[in-house]
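The values are calculated or read from the model by the stated rules, or taken from the named source; none is laboratory data. Keep in mind that what you see is a predicted model, and the values were worked out from it rather than measured. Note: ideal-geometry Cβ built from the backbone for every residue, glycine included; neighbour counts use all protein chains shown. Only protein heavy atoms, including side chains, enter the accessible area calculation; ligands, DNA and RNA are left aside. Shrake-Rupley method; radii C 1.70, N 1.55, O 1.52, S 1.80 Å.
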Amino acid sequence: MKQVRPKKNLGQHFLTDLSIARRIADTVDVCPDIPVLEVGPGMGVMTQFLAEKPRPLRVVEIDTESVAYLKEKFVKGERRASAEEKAGGLEQIIEGDFLRMDLHELFDGQQFVLTGNYPYDISSQIFFKMLDNRDLIPCCTGMIQREVALRMAAQPGSKTYGILSVLVQAWYDVEYLFTVEPSVFNPPPKVQSAVICMTRNGVDHLDCDEQLFRRVVKTTFNQRRKMLRVSLRQLLPSDAPLFRQHADFLTRRPEQLSIDEFVRLTNIVGEVLPQ
């Protein structure tokens with residue numbers, strides 16, 4: 001079969017190391033017995049190992065050339081499984097944009113594991129979509145840019161702790177698994193990659209207005225070097241009573257706050273936010 005040409009505009013860096021591909025595929029075992037959705041399979045280096053698992057697998061790919069390659073490899077070129085073997089395997093190759101998909105339609109509303117070698121330039125958007133569909137996605141694993149992985153797993157007080165850290169960790173436990181060097185990709189990226197695993201933490205709802213929570217987190221981290229009382233003036237008038245009532249708390253900076261403290265801050269802001 002003709003190899004797929006990596007496309008710069010799609011951020012394609014194809015993994016070539018089969019042992020690493022298998023290790024990433026095996027991360028989905030953290031949530032057994034539910035279907036798997038792989039985003040951006042490319043030439044199927046991870047797909048071949050995911051398809052060995054006894055669970056339904058679907059892949060979504062935006063690149064037409066990659067879709068044709070996957071169909072040739074997994075539909076025409078592979079031996080069709082017997083009825084006894086059909087407990088798992090690749091069920092469907094979906095050509096489309098994951099960011100525009102209705103995830104409730106993928107497995108008829110059933111929960112699934114999200115995984116993939118995610119394009120660097122849209123990985124944050126993928127995870128925000130995951131958050132919007134967190135009831136469908138109890139587990140998310142895969143490979144992203146190392147810098148983003150470090151931010152997602154960062155703890156309060158760290159220089160890498162930021163918007164993505166707080167919003168993801170509010171709903172998921174994040175584990176940084178291992179680093180992947182550029183030399184195992186075609187073409188090699190200019191940065192290191194990392195494999196992460198996120199599992200739902202059991203939080204069903206935050207004790208605050210969740211939309212305001214996002215707004216407060218983004219507003220304060222957009223001026224991360226400023227004290228909270230300064231950055232919050234983008235949301236509130238400078239004479240708002242909270243600046244007097246919570247003076248000590250508001251001298252802190254956003255990277256010093258835990259998830260629970262951001263919930264507290266959201267409730268404080270909500271009490272005085274103009275309607």
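In table form, for the structure just shown:
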| quantity | calculated |
| --- | --- |
| Proximal charge balance of R146 [Cβ under 12 Å; K/R count +1, D/E count -1] | 0 |
| Chymotrypsin sites (Phe, Trp or Tyr not before Pro) within the stretch 1-71, DSSP loop, no more than 15 other Cβ atoms inside 10 Å | none |
| Computed label-point distance, nm, for sites E210 and F178 using a 7 Å Cα→Cβ extension | 3.5 nm |
| Of V30, V203, V75, the one that fluctuates the most in a GNM where the chain has Cα springs shorter than 10 Å | V203 |
| Two-decimal Rg to Rh for the stretch 186-229 - Kirkwood Rh, Cα set | 1.18 |
| Most mobile listed residue (T199, T64, T27) in the chain, GNM with C-alpha springs under 10 Å | T64 |
| Protection proxy ranking of 222-233, 180-191 - average other beta-carbon atoms within 10 Å, highest first | 222-233, 180-191 |
| Kirkwood-based Rg to Rh ratio, the chain, C-alpha trace | 1.05 |
| The stretch 161-200 - accessible surface per residue (Å², probe 1.4 Å) | 37 Å² |
| Label-point gap, in nm, between K218 and E52 - each point 7 angstrom along Cα→Cβ | 4.2 nm |
| Over the chain, relative contact order from alpha-carbon pairs under 8 Å, at least 6 apart, % | 16 percent |
| Within-10-Å neighbourhood charge of F107 [Cβ basis; K, R +1; D, E -1] | -2 |
| Using distinct alpha-carbon pairs, which all enter the 1/r mean, Kirkwood radius of the stretch 107-246 in Å | 16.8 Å |
| Whole-Å distance, taken between Cα centres, linking the stretch 247-275 and the stretch 25-64 | 40 Å |
| Inverse of mean 1/r across different Cα pairs in the stretch 28-160, Kirkwood, Å | 15.6 Å |
| Free-standing Cys residues across the chain, given no other cysteine C-beta under 4.7 angstrom | C140, C197, C208 |
| Mean separation of Cα contacts under 8 Å, 6 or more apart, over the residue count of the stretch 123-183: relative contact order % | 29 percent |
| Estimated FRET transfer efficiency (H246, M101; beta-carbon r; R0 41 Å; 0.05) | 0.45 |
| Extension gain from Q192 to M227, taking 0.36 nm per residue of separation minus the Cα-Cα distance | 9.3 nm |
| Helical mean residue ellipticity (222 nm; -39500 (n - 2.57) per DSSP H run of 4+; nearest 500) of the chain | -8000 deg cm²/dmol |
| Modelled FRET efficiency - R0 25 Å, D121 with V272, Cβ distances, 0.05 increments | 0.05 |
